[in-house]
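S.K.: Next up is a structure, given as structure tokens.
What follows draws every value from the coordinates through simple rules; no lab data is involved. Treat the numbers as computed from the prediction; the structure is a model and nothing was measured.
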Amino acid sequence: MDLSLVVELEADGRWIAEVPELPGVMVYGATEAEAMAKAEVLALRVLADRIEHAETAPLPVRISLPNAA
């Protein structure tokens, strides 16, 4: 399973990060790094929850992070 992390700067100055392949994995952070870290943690929690509740089998996961600007 390949996951991508998309991060953008909002008009109000907050950073938003999401993992499009996992609905609901969208977080805000005060900095780009904070938003990216929060999204990665949430994505891993969602995957762990799915495995724990037998919604999916364990799969190799690769998370692609955007290059630093």
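S.K.: Would you work out if segment 2-64 is rounded, prolate or oblate? Take a ≥ b ≥ c from the square roots of the eigenvalues of the alpha-carbon gyration tensor; rounded if a/c is under 1.5, else prolate when a/b is larger than b/c, oblate otherwise.
M.R.: On the way: a/c = 2.82, a/b = 2.38, b/c = 1.18.
It comes out prolate by the Cα gyration axes.
S.K.: Using θ = phi - 60° and the Karplus form 6.51 cos²θ - 1.76 cosθ + 1.60, what ³J(HN,Hα) does each residue of segment 28-34 get, whole Hz, x for Gly and Pro?
M.R.: Karplus values, whole Hz, x for Gly and Pro: 10, x, 6, 10, 4, 4, 5.
S.K.: Express the relative contact order of segment 2-64 as a whole percentage, based on alpha carbon pairs under 8 Å and six or more residues apart in sequence.
M.R.: Details: 92 pairs, mean separation 20.3, N = 63.
The normalised contact order for segment 2-64 reaches 32 percent.
S.K.: Further question: Just for segment 2-64, what percent of DSSP beta bridges are antiparallel, to the closest 5? Intermediate results must be reported in sequence, preceding the final value.
M.R.: On the way: 8 of 11 bridges.
Around 75 percent antiparallel, to the nearest 5.
S.K.: Let me ask something additional. Check which residues have an amide H placed less than 5 Å from Leu5's amide H, if you skip close sequence neighbours.
M.R.: Ser64
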